[in-house]
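Peer 1: The structure is given below, and queries will be raised subsequently.
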Amino acid sequence: MFSQILWWIVSATEAFVLVRSGKAKLYGKYPAFYLYLSTVFFLEVVRFSIFHFRPISYPAFYWYTEFLAASVGYAVILEIYKHALKSSPGAARIARTFLLVVLGAVILKVMANALSSPVWSPATTSAELERSLRTVQALLLFGIVALLAYYWVPIGRNLKGITLGYGFYICASVMSLAFGSLPGYGLRPAWRFVQPIAYLVALFIWSLALWSYQPNPEAETESQIELDYRFLVNKTKRVLSRAQSFLKLDGEL
Amino acid sequence: MIQLLLPYLGIGLLLLAALCLWARQSFVTRAGRAELLTPRQHRLGLGRTAPHRDLGERIFGPEDWDFISHDTPSEIQRMFQRERTVLAISWLRRTRKRVSQVMRAHVAGAQQSKDLHLATEIRLAVSYFLFLILCNSLIGWVWLHGPVRTRKIVGQILQWAAQLRGAFEQLMARVDPASCRVTGTNFNHETARN
């Protein structure tokens, strides 16, 4: 009963966010995000139909489509990366390095798995595969959010909402899928509600943040001398080392 | 089995912490942007740190305490310690605030710079976080023990650290003489002896 109510609320909220995007003309501004949302909504409707008309096929269909939804989720991360760091070339450069490092680490891990197991399969179960996909997404999101926080990158309400909502959902997914893959834990019904509830919270955040178009604030134009990186670094280093020498009082303390 | 969960839980919690920090920062964005502008507007003022430094030396210095501890009753000594503690903490907080403003001005400029160096940024970030740890630890120490005792304790710790480092260098010289020639150049034997 509870899962039915949850399903209806989630679908209604999803439909609301999608309808609102049409009215506020947001679809063209964040195409990858809305592609993700439309895909998830479409899958929800198809799943619901299969659940009612062919219940035997439902579990297999659920896990295959869950894998598809998790893969399309990477488009949201690309959207966040593209919009958030557009006016910050310095931070974007660090983000690119970070994304390449994560990608390299994932490729190495996959190769190591392939070489070490005699009968290699992408994952033992669909849940484990989804957990791995979500974990990489969590790492990528962590890198972008950490950069946004460290460099105080100013971003608009729309993108802030997309990032917070999706980040929260990914965080809940990684943890619930990790617990769900424990033997015996999958049989407990409570953990199955964690992901849909987290998704509902994300949908509420999106419906508030994506009410109307709010572009990212323009970066303040800096004078050439402020943009001279070496000058900036030397100035900061000088102040930091002077402050550190204050605390040690030139080694007297 | 629970060990298998730890990396996933760790990553999940890490992301949650980053999101919370970022969301909190977003609420104070206006104040933050105002703070970012302050060091640029008072760029010339940043270099004038000498009076500020003199103040720190005076607060932590032993001269005033030596004077008070010789010729005054214990009530006055306690009052002096209380007031000096408040003054020391306020000075440390002001130093921390000034450095934070400079760091924020740096990251605001660096994020727009096209020739940003990742290694330099990491070094600066580590240096800044070490400074924050040192500053906050000192605030804690001063709050617990007062500036005079803190000065003595930290001086003792620095001395032990120098002695430990000296012992380690000597050990390394016996184990690997070749690498010691490199590390030995950074070692201050004078500090270790003191």
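The values are calculated or read from the model by the stated rules, or taken from the named source; none is laboratory data. What you see is a predicted model; the values in this text were computed from it and never measured. Here the Cβ is made from the backbone with ideal geometry for all residues, glycine too, and neighbour counts use every protein chain on show.
Peer 1: Suppose we filter B:Leu9, B:Leu4, B:Leu92, B:Leu16 for residues that are modelled with pLDDT under 80 and part of a helix (DSSP H, G or I); which single one remains?
Peer 2: When all the criteria are applied, what remains is B:Leu4.
Peer 1: Being basic (Lys, Arg) and facing chain A (nearest Cβ under 7 Å) is the filter here; which residues of the range B:108-130 pass it? Write out each step before concluding.
Peer 2: Quick first cut of the range B:108-130, residues basic (Lys, Arg) only: B:114, B:123.
Hit for the range B:108-130 is B:Lys114, nothing else.
Peer 1: Looking at the range A:79-113 only, could you name the residues that are over 16 Å from A:Ala146 (Cβ atoms) and under 15 Å from the mean Cα position of the chain (by Cα)?
Peer 2: A:Glu79, A:Lys82, A:His83
Peer 1: Being in contact with a Leu (Cβ under 9 Å, 6 or more places away or on another chain), in contact (Cβ under 8 Å) with a residue 24 or more places away in the chain, in a helix (DSSP H, G or I) and buried (at least 20 other Cβ atoms within 10 Å of the Cβ): is that true of A:Leu159 here?
Peer 2: no
Peer 1: Checking the condition in contact with a Phe, Trp or Tyr (Cβ under 7 Å, 6 or more places away or on another chain) and modelled with pLDDT of 85 or more, which residue from A:Gly156, A:Gly167, A:Gly180, A:Gly161 passes?
Peer 2: A:Gly161 is the lone residue from the list that is in contact with a Phe, Trp or Tyr (Cβ under 7 Å, 6 or more places away or on another chain) and modelled with pLDDT of 85 or more.
Peer 1: With surrounded by fewer than 17 Cβ atoms within 10 Å (Cβ to Cβ), in contact (Cβ under 8 Å) with a residue 60 or more places away in the chain and more than 21 Å from the chain's Cα centre (by Cα) as the only criterion, which of A:Ile5, A:Ile9 stands out?
Peer 2: Among A:Ile5, A:Ile9, only A:Ile9 is surrounded by fewer than 17 Cβ atoms within 10 Å (Cβ to Cβ), in contact (Cβ under 8 Å) with a residue 60 or more places away in the chain and more than 21 Å from the chain's Cα centre (by Cα).
Peer 1: Continuing with this model, one more query. If you check B:Ser137 against the conditions, is it at pLDDT below 70 and either closer than 30 Å to B:Pro62 by Cα or more than 10 Å from chain A (Cβ to nearest Cβ) (or both)?
Peer 2: No; evaluated as a whole, the condition is false for this residue.
Peer 1: Among what's in the range A:183-193 and is part of a helix (DSSP H, G or I) and away from every other protein chain (no Cβ under 11 Å), pick the residue that is modelled with the lowest pLDDT.
Peer 2: Among those that are part of a helix (DSSP H, G or I) and away from every other protein chain (no Cβ under 11 Å), it is A:Leu187.
Peer 1: Based on what the data block shows, is A:Ser21 outside any helix (DSSP H, G or I), within 29 Å of A:Ala149 (Cβ to Cβ) and small (Gly, Ala, Ser)?
Peer 2: no
Peer 1: Would you point out which residue out of A:Ser87, A:Ser38 is at pLDDT 85 or above and either outside any helix (DSSP H, G or I) or among the polar types (S, T, N, Q) (or both)?
Peer 2: None of the other options fit; the residue is A:Ser38.
Peer 1: Here is a list: A:Val101, A:Val110, A:Val136, A:Val145. Which entry is modelled with pLDDT of 80 or more, in a helix (DSSP H, G or I) and surrounded by fewer than 19 Cβ atoms within 10 Å (Cβ to Cβ)?
Peer 2: Going through A:Val101, A:Val110, A:Val136, A:Val145 in turn, just one is modelled with pLDDT of 80 or more, in a helix (DSSP H, G or I) and surrounded by fewer than 19 Cβ atoms within 10 Å (Cβ to Cβ): A:Val101.
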